[in-house]
Amino acid sequence: MKNKQLTLVAAIAVSLIIVLSMCQTKSEVSEKPPLDSPVDYVSTLVGTLSKYSLSAGNTYPAIAMPWGSHFWTPQTGADGDGWIYSYTDDKIRGIKMTHQPSPWINDYGQFSIMPVTTGLVFDQEERASYFSHKSECAKPYYYSVYLADHDTFVELTPTEHSAKFRITYPEKELSYLVVDAFAGGSTVSVSGNRITGCSVQNGGGVEDGFKLWFVIESDTPFEFEQIVNGDHAHAIVGFRTTRGQKVGLNVSASFVSEEQAMVNLSEVNGKEFDSLMDEGKARWNEVLGRISVEDKDIDNLRTFYSCLYRCLLFPRDLSEVTSDGRRIHRSPYDGQVHDGYLYTDTGFWDTFRSLFALVNLVYPEEASKMQQGLVNSYLESGFLPEWASPGHRSCMVGNNSASVVAEAWIKGIRGQDIDVLWEAVCKGAHSVHPKVPSSGRLGWEYYDSLGYVPCDVGINESAARTLEYAYDDWCIWKLGKALGKTEAEIAPYALASTNYRNLYREDCGLMCGKNQDGSFPKQFNELKWGGDFTEGNALQYSWSVFHDPAGLADIMGGKQALASGLDRMLEMPPLFDESYYGFVVHEIREMQVMNMGNYAHGNQPVQHALYLYDWCGQPWKTQKYVREVMDRFYSATPDGYCGDEDNGQTSAWYVFSSLGFYPVCPASGEYAIGSPLFDKVTVNLPSGKTITITAKGNSRENVYVEKLKVNGRESSRNYLTHDLLVSGADISFRMSASPARDRGTTEEDSPYSFSNDASR
């Protein structure tokens, strides 16, 4: 027994040395990582200290390539639990291939691998092993962990469709590998040193017959095999191992076929583990390095690049490349195999706000592929997705695909069939998916006839729908103008974009649900979450007039009234009414504990609101509050978010805000100015142009913009244009500890508003 204990101690020591050598950055030894290796600042564990009742991100460590088809993650949660990985858990049940975009949506295309040495066990509880974060390394391109109960050390490095595992086993007559294909009618088989399988368990959003085929090839012959097919399919294989023996696995998967999974295996076949890992690191440095940040505060760098990493995961590219070089995908919409790209696993209700703006600005080549994917989504289903995972999902509200399509075209993204997309956005404005009411516009008949969705006709979240439909109508109008459509075609959308005015209730100064007969309900509670609004209340949703803040100010009584309303939301106690839900949902609790009034940054509807002071002639308030949110609400720690991260949107808010500007109205082609966080940022555009942003005198106290120079010329404007940025720009801020109350105060200094659009 004593010898076994010594052996185990030695194994732990060796494993820890390996982990430390892989994970320890230069900053932890002597200095910061080099600027040419931004991935070394990334923590994939940010946001994993989450639970159902309180989200600090609701993320899992996604070990993957940027926009990769398949992700890997350690699984600590039980099968079917949307919280795949929780930082407070102390056992791992397997290393899982996952496609989960959110715990609320759950997973599809899943199977897991687990080394076992304690006997022939399959049950997820019995095979689970204790682990420690101190013996875990979770990089975007590499994951390793010591599984203490099995005395094994697991390593993996991913590609877009495949992965390579390296598992270090102890000395055993038989060591095992458990492959879990999950329930629902999945299948597995073993032939030689190869395991093949088909996984069908999913959380929805697929047609009948939608499957994930996978293949696992071992470099060590199997001396034992056990196969169980049925409701919960799995395979257990065994091999004789000596102490320290490394078993290599090449793993791949495909939504097209088993044959295509074998084709995808070429991404790892014939490559050494370390060289493949180096390739993955280089790829991440390539995409993260598009934005080069210099700053004295290493914690700021860690938070920034951890957020940027999250921005580059979703939407995922579901397409695959055949042996003869064709790009294909299995459609979740009609179940057939089609040519071309298809992107999925994102909700536009979240990501239209700034995630797609980031992709359009910094990664336009990827944005073009995403737009091509939207063409295919429409051709295969008859609707653009609003929440896709992998197909249409009944989740959230709005018709924000119109924003995603319009913004891309207006910002110069090309390669997509824009005629198809024009047809798609127009159809989506005046119809609803027959099975999935979140695609298209639920309540469109009321909206088109009355100018709003009534709150008394059995359609929930009516006010939120109306406000978002009005913005989406403006997007369609803007796209139509860019495409040269006739006035007769686009004028109705221009008119409808002012429908937000129909919900303004003068007696309370906020937006409110409205009855079909044109009256407002007698009972109104500004603190009540849900009901007329989506995961928010009137205090948060009343600012959802992205395209026309000047018009919003007008109905509220002027710019000062708009500013006063924002002040009140931020300065009041964090009071709430949860009666619609019957309990305090996590979004409410996250607002309450952050101590910033009724500003609920942990949810998306209000994230742009801080920038509206730029329209009020009080930009210093934007600067003050934006910097406060960056400083207090974000960090590179497991509890590093103040609510759901949501597929890159909450991260994109930080990325943009730290640069010093934010796309309040994405399709306008303008960015509202805030407070830059870093001493210097260089954005390296694929065109060869660069955006250089400097902030002289910047510090934790110096949060206010004293002066702004754009290409050497002083500017009082509270905005930057997309055309300016993509042409290459030198943006120079001078920061101060005191507000510059005479800067950015004129009407001409305000960013875009539809009410002031001379082209209307």
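The values are calculated or read from the model by the stated rules, or taken from the named source; none is laboratory data. Here the structure is a predicted model, which is why all the values come from computation and not from measurement. FYI the Cβ positions are ideal-geometry reconstructions off the backbone, even for glycines, and counts take in every protein chain you see.
Worth a mention:
- Qualifying positions in segment 646-656 - over 16 Å from Asp299 (Cα atoms) and touching a helix residue (DSSP H, G or I) at 6+ places or on another chain (Cβ under 6 Å): Asp646, Asn647, Gly648, Gln649, Ala652
- All positions within segment 111-123 that are surrounded by 18 or more Cβ atoms within 10 Å (Cβ to Cβ) and either out of contact with any strand residue (DSSP E or B) (no Cβ under 8 Å at 6 or more places or on another chain) or of a type outside the set (Gly, Ala, Ser) (or both): Phe111, Ile113, Met114, Pro115, Val116, Thr117, Phe122
- Among the strands (runs of 3 or more DSSP E) confined to segment 172-271, the ones with at least 2 residues that are of a type in the set (Ser, Thr, Tyr) and surrounded by 16 or more Cβ atoms within 10 Å (Cβ to Cβ) are located at 172-183, 194-199, 245-254.
- Only listed residue being under 30 Å from Arg316 (Cβ atoms) and either crowded, with 24+ Cβ neighbours inside 10 Å or touching a Leu at 6+ places or on another chain (Cβ under 6 Å) (or both), chosen from Tyr599, Tyr625, Tyr613, Tyr634: Tyr634
- For segment 519-556, the set of residues classified as over 19 Å from Glu571 (Cα atoms) and without any contact (Cβ under 8 Å) to a residue 24 or more places away in the chain consists of Ser519, Phe520, Lys522, Gln523, Phe524, listed by residue number.
- Set Val420, Val425, Val405, Val453: member being part of a loop (DSSP other than H, G, I, E, B), touching a helix residue (DSSP H, G or I) at 6+ places or on another chain (Cβ under 9 Å) and either modelled with pLDDT of 95 or more or closer than 23 Å to Leu361 by Cβ (or both): Val453
- One residue stands out in segment 89-105 among those that are within 20 Å of the chain's Cα centre (by Cα) and part of a loop (DSSP other than H, G, I, E, B): the one that is surrounded by the fewest Cβ atoms within 10 Å (Cβ to Cβ), namely Trp104.
- Cross-chain or 6+ apart pairs with Cβ under 7 Å, segment 84-98 first and in contact (Cβ under 8 Å) with a residue 40 or more places away in the chain, then surrounded by 24 or more Cβ atoms within 10 Å (Cβ to Cβ) and charged (D, E, K, R): Gly94/Asp180
- Residue match in segment 330-352 (condition: surrounded by fewer than 23 Cβ atoms within 10 Å (Cβ to Cβ), closer than 16 Å to Gly68 by Cα and out of contact with any Lys or Arg (no Cβ under 9 Å at 6 or more places or on another chain)): no
- Any hit, segment 248-267, residues being within 30 Å of Asn684 (Cα to Cα) and at pLDDT 95 or above: yes
- Contact map, segment 168-194: residues that are more than 21 Å from Gln124 (Cβ to Cβ) and touching a residue at least 12 places away in the same chain (Cβ under 8 Å) paired with residues that are among the aromatic types (Phe, Trp, Tyr) and in a loop (DSSP other than H, G, I, E, B), Cβ distance under 7 Å, separation 6+ or inter-chain. Pairs shown: Asn193/Phe222.
- In summary, Gln75 fulfils each of the numbered conditions (1) among the polar types (S, T, N, Q); (2) touching a residue at least 40 places away in the same chain (Cβ under 8 Å); (3) closer than 30 Å to Leu342 by Cα; (4) surrounded by 24 or more Cβ atoms within 10 Å (Cβ to Cβ) with the single exception of condition (2).
- Checking Gly712 against (1) in contact with a helix residue (DSSP H, G or I) (Cβ under 9 Å, 6 or more places away or on another chain); (2) surrounded by fewer than 19 Cβ atoms within 10 Å (Cβ to Cβ); (3) of a type outside the set (Lys, Arg), the condition it does not meet: (1)
- Scan segment 475-529 for residues that are small (Gly, Ala, Ser) and part of a loop (DSSP other than H, G, I, E, B) and the total you get is 6.
- Considering Ser86, Ser53, the condition of being in contact with a Ser or Thr (Cβ under 6 Å, 6 or more places away or on another chain), of a type in the set (S, T, N, Q) and either under 21 Å from Glu126 (Cα atoms) or surrounded by fewer than 24 Cβ atoms within 10 Å (Cβ to Cβ) (or both) is satisfied by Ser86 alone.
- Failed item in (1) crowded, with 24+ Cβ neighbours inside 10 Å; (2) in contact with a Leu (Cβ under 9 Å, 6 or more places away or on another chain); (3) within 21 Å of Leu45 (Cα to Cα), with Tyr108 passing the rest: (3)
- Residue within segment 547-556 that is outside any helix (DSSP H, G or I), touching a helix residue (DSSP H, G or I) at 6+ places or on another chain (Cβ under 9 Å) and surrounded by 21 or more Cβ atoms within 10 Å (Cβ to Cβ) present: yes
- Those residues of segment 624-653 which are assigned to a helix (DSSP H, G or I) and among the charged types (D, E, K, R), in sequence order: Lys624, Arg627, Glu628, Asp631, Arg632
- Residue within segment 81-93 that is within 23 Å of Val247 (Cα to Cα) and of a type in the set (A, V, I, L, M, F, W, C) present: yes
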